[in-house]
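Only the coordinates and a few stated rules stand behind these numbers; no lab work does. Here the structure is a predicted model, which means the values were calculated and not measured. Note that each Cβ is placed from the backbone with ideal geometry, even for glycine, and that neighbours are counted across all protein chains shown.
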Amino acid sequence: MKNKKPCPEKYKHCYGKNKWSFSSLTFQLSHFRTKHHASFIAGLFIILFVIFLATLSFWYTPYDAYQMDIHSRFLSPSISHPFGTDEYGRDLFSRCMVGGQIALQVGIISTVIALFGGLVVGFLSGMSNKVVDEILMRLMDGLFAFPAIVFAIAIVSVFGADIVNAMIAIGIVRIPIFARQVRNETISLKHRFFVIASQSIGTRLPALIWKHFLPHIGASLTVLVTTNFAFAILSEAGLSYIGLGTQPPFPSWGRLLMESQNYMDRAPWLAIFPGIMMALTVLGFTLLGNGLRDFSDPRY
Amino acid sequence: MLSFAIRRLLTGIITVFAVSLLSFFVFNALPGNPAQVILGLDADQNAIENLERELNLDKPVVLRYFFWLSDLIRGDLGNSTGYKKPVTEVIVSSLPPTLSITILSVLLTTLISFPLGILSAKKHNKFIDYLITSTSQIGLIIPGFWLGILFLLIFSVRFHLFPSGGYVPMTVNAFEWLKSVILPALSLAIISSSVLIRMIRSSIIENMNEDYARTATGKGVSERRVFNKHILKNAMIPVLSVFGLQAASILAGTIIIESVFSIPGMGRLLLYSVQRRDLPVVQGVVIWIAVVTILINFIMDMVHMTIDPRIR
């Protein structure tokens, strides 16, 4: 401890800040040579592109995503309709853009639920005694035994098929994964000297969590958050495909695939492009997650 | 060894208990009166009260849970409101297609992932390794049901090689049976394989660099023997638990893939029951799948225990 290296001039601005802040994140990223990680960069660009398309669709789509036009039914992909048109003559590209909106919405909301649920359960479990810990962890095991899609179907069957219920269900089913991570790291952190020292000078629990635990857990949680986006988008697509997620007229990618199946011989493009959009988005999040995992790995 | 098995069994039972608690909470804490839902809105007040008594709805929640649990342990999941038959019977009758797909898919996963994973690790950083790992990346980013749709598009719509849906029981015509389940099984297997291939590859490569492998080579054991006897055995240990998880996710995947290929299995049953608000059936299927998932993980832990003396 005595011979600790002085903080390099470059990183002075983040030194001594215990708060989980953007500058400490950029510090971590710059420290681990973000620039040289090709797949991280590729993932970032793909995600930015999808976010751009989805955000743009709030104000502008090439055609109205809901307006039916009976004269342009089943047009195959061309320059004016890059993804073709569907059975009501709606432009598939515009509908896929709006679908991006829904996918990102699902990703954000279910991830927020999983993250907060996981943080609460994880900290409770990690900081309290063995009995509480054991009960909470077994409950989490029980929740984890339900495959995501099955649990989501259960929730939707009771509370009704709509997108909000689907998002909540997908979020809840991912709580155990976050909770386990938070719990394990909390347990390993709570015996470290800096935490004990902080407790001994009277730091209260909320401050302790905010100042010491969150900054340490943050890095591994960012990995989980990114991969959770990919998972949520795939789950919602599956759920919408069987008609229990997004309800018409909203064009989520899973819903578009479901509707495409009646016209597979006439219009195969309806079954291809929404899937490509989905695969692209998931690829982006996966690459991003791989990059973040490498950065948080000390061996990298 | 026995104490580990018993401890593992106990956690398994507790997990099943947690599953039952969660399902009871989801299915029986629903807003509104279940008796009213079953009988319809314009039902007689007397009939509702009778049914409430029959379903124990007039009792406190905790008591209801224990009634429900004791029925569950005896295998009584209640009666389906749609089919007017015991739920267990309804589920069992829908099992054959689902089990066919699941088992065939697990088989295919094994046949695809182990040879390719081992090959990829042996040819580490060669062209064939890059080819396998980059192809398996595709399996990670697309959902199984879309792969199923693409298969339908290619093999049924374009080339008319396979039926575009439906299920033929094995007892009727084994060849037609295989034709009806091979595409759904394959699309699930490809997704699971791509996870496993990467896992197998990285696990083997990690073990190749271990000290024990070098020691064995150093004392003159032939390279093939080191690989087959030492590295492969150790590398399979972490793969096993992932294999169990993949088997469980294949089972869950059948629910959606059955819709793609219109196969009348458990997924179809689940879907119909949700649409008709036949909650006892939904509850039965959900619990069944969760319990099978726990069972698979338990079996995998037992296999793990028998091959790895370190955790006994």
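Numbers for the structure displayed
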item: Peptide A:231-238 - average C-beta neighbours from other chains (10 Å radius); result: 3
item: Cα shape, the protein assembly as shown, gyration tensor, a/c 1.5 rule; result: rounded
item: Global form of segment A:33-122, assessed from the alpha-carbon gyration tensor, a/c cut-off 1.5; result: oblate
item: Only Lys, Arg (+1) and Asp, Glu (-1) charged, at Cβ; chain B dipole about Cα centre in debye; result: 1480
item: R0 of 30 Å, Cβ-Cβ distance residue B:138-residue B:176: FRET efficiency to nearest 0.05; result: 0.50
item: Residue mean of other protein chain beta carbons inside 10 Å, B:131-138; result: 1
item: Rounded to the nearest 20 debye, dipole of chain A from Cβ charges on Lys, Arg, Asp, Glu; result: 1940
item: Order by protection proxy (mean Cβ within 10 Å, highest first), peptides B:165-175, A:165-175, B:9-19; result: A:165-175, B:9-19, B:165-175
item: Rounded to 10°, Cα long-axis angle of helix A:148-159 versus longest principal axis of chain A; result: 70
item: Average silhouette area of segment B:54-177, convex hull of alpha-carbon atoms, in square nanometres; result: 13.7
item: Structure-based [θ]222 nm, chain B - -39500 (n - 2.57) summed over DSSP H runs of at least 4, per residue, nearest 500; result: -24500 deg cm²/dmol
item: GNM flexibility winner over chain A from A:81, A:191, A:212 (Cα, springs under 10 Å); result: A:191
item: Candidates per trypsin sites (Lys or Arg not before Pro) in segment A:186-256, loop by DSSP, up to 10 other Cβ within 10 Å; result: A:204
item: Protection-proxy order for peptides A:231-240, A:261-270, each taking the mean of Cβ atoms within 10 Å per residue, highest first; result: A:231-240, A:261-270
item: Sparse-neighbour loop sites [trypsin sites (Lys or Arg not before Pro); segment B:218-272; at most 14 other C-beta within 10 Å; DSSP]; result: B:219
item: Per-selection Kirkwood Rh - segment A:133-267 (Cα, Å, 1 d.p.); result: 17.4
item: C-alpha long axis of helix A:214-241 to longest principal axis of chain A, angle in °; result: 20
item: Nearest-ten-degree value, helix A:38-59 long axis tilted from longest Cα axis of chain A; result: 50
item: Residue (of A:187, A:47, A:143) at the positive-pole extreme of chain A, dipole from beta-carbon charges; result: A:187
item: Relative contact order (%) - chain B, alpha-carbon pairs under 8 angstrom, separation at least six; result: 26
item: Per-residue mean of C-beta atoms belonging to partner chains within 10 Å, peptide B:256-269; result: 2
item: Electrostatic dipole magnitude of segment A:246-300 [Cβ: Lys, Arg +1; Asp, Glu -1; Cα centre; debye, to 20]; result: 40
item: Charge dipole of chain B about the Cα centre (unit charges at C-beta), most positive-ward option of B:101, B:281, B:24; result: B:101
item: Highest-fluctuation residue, A:159, A:40, A:229 considered, GNM on chain A with Cα pairs under 10 Å; result: A:159
item: Tensor-based shape of chain B (alpha-carbon gyration tensor, a/c under 1.5 rounded, otherwise prolate or oblate); result: oblate
